[in-house]
Structures are given as structure tokens and as C-alpha cells.
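Scroll down for the structure; my scribbles are underneath it.
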Amino acid sequence: QVQLVESGGGLVQAGGSLRLSCAASGRTFGNYAMGWFRQAPGKEREFAAAIMWRGIGTTWYADSVKGRFTVSRDNAKNTVYLQMNSLKPEDTAVYYCAGVPRGSVYSTSYEYWGQGTQVTVSS
């Protein structure tokens, strides 16, 4: 049973930083793509960033976060991170970690999801 548990959300002022963590368990994730998604109030869930567990850890970002967010992973800890810098009020959302076996950073359908962590950016 795959489990993804996010942490690290909170309240931060505009321009500040947060680092989200996603602890993965229950499977060997070598061929997985891992993604970060977010859902703001009243809006649909949207893709933010993705990374491959294997190899050099290929990454991919949505235009809205490119240059401000960095996705990374620690294979030894089975943990994926999302470093968020220069945060804006429009980054306020629930952030979800997701995984898909045999996926790529361009995958649009993920199989496993975490419970989400709230990020609130005040102006």
C-alpha cells in the first residue's frame, strides 16, 4: 500500500519561503514519477512540479512556478521536496504530493495522492 504524507505547509508573508516534504512508503519507487499539485479555493487542482525518482532526477515545472519553486528528492529517505521561494498570495492553496508508476514528468494522470498540506501566503 503506497502512502504519501506531506508536511511543511503553513502561513508565510509574501516574498517568503517554505519547503514542503512528501514522505513516501509502501513500495519501491524507482520507476515512479512524483508530482506536486495545488488547489486554491474555488479553483481546480493544477500541476506545479514533477520529478523522476531514478537517474538524474529529471524535473518539470508549471510556468507559474518556474524560477521560484524547486523540486528535489532524497532517495535514501524516500522523500520528495518542494522548495518554494518568492511566494506570492496567489500561491495560496492546498498542496498535494502524488506518484505514478512508470510515469514521466509530463504525466497528467497520477495514481497515488497524499492528503495535502495548506500553504497560505499573506500580502
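The values are calculated or read from the model by the stated rules, or taken from the named source; none is laboratory data. What you see is a predicted model; the values in this text were computed from it and never measured. Positions of Cβ are generated from backbone atoms using ideal geometry, with glycine treated the same way; all protein chains shown enter the neighbour counts. For accessibility, only protein heavy atoms count, side chains too; no ligands or nucleic acids. Shrake-Rupley method; radii C 1.70, N 1.55, O 1.52, S 1.80 Å.
Miscellaneous remarks
- Verdict on PRO89 being farther than 23 Å from SER122 by Cα and either exposed (fewer than 15 other Cβ atoms within 10 Å of the Cβ) or not charged (D, E, K, R) (or both): no
- Filter pass, PHE69 being open to solvent by 10 Å² or more (accessible area, probe 1.4 Å) and closer than 18 Å to GLN118 by Cα: no
- Total residues in region 74-123 satisfying the condition of being hydroxyl-bearing (Ser, Thr, Tyr) and modelled with pLDDT under 95: the figure is 6.
- Residue check for ALA76: without any contact (Cβ under 8 Å) to a residue 40 or more places away in the chain, exposed (fewer than 12 other Cβ atoms within 10 Å of the Cβ) and either out of contact with any Gly (no Cβ under 6 Å at 6 or more places or on another chain) or not β-branched (Val, Ile, Thr) (or both): yes
- Scanning region 54-81 for residues that are over 20 Å from VAL2 (Cα atoms) and in a strand (DSSP E or B) turns up THR59, TRP60, TYR61, PHE69, THR70, VAL71.
- Pick from region 30-44, criterion assigned to a strand (DSSP E or B) and open to solvent by less than 40 Å² (accessible area, probe 1.4 Å), ranking: farthest from SER123 (Cα to Cα): TYR32
- If only residues of region 1-29 that are open to solvent by 30 Å² or more (accessible area, probe 1.4 Å) and either under 14 Å from VAL105 (Cα atoms) or among the β-branched types (Val, Ile, Thr) (or both) are counted, the one that is modelled with the highest pLDDT is VAL5.
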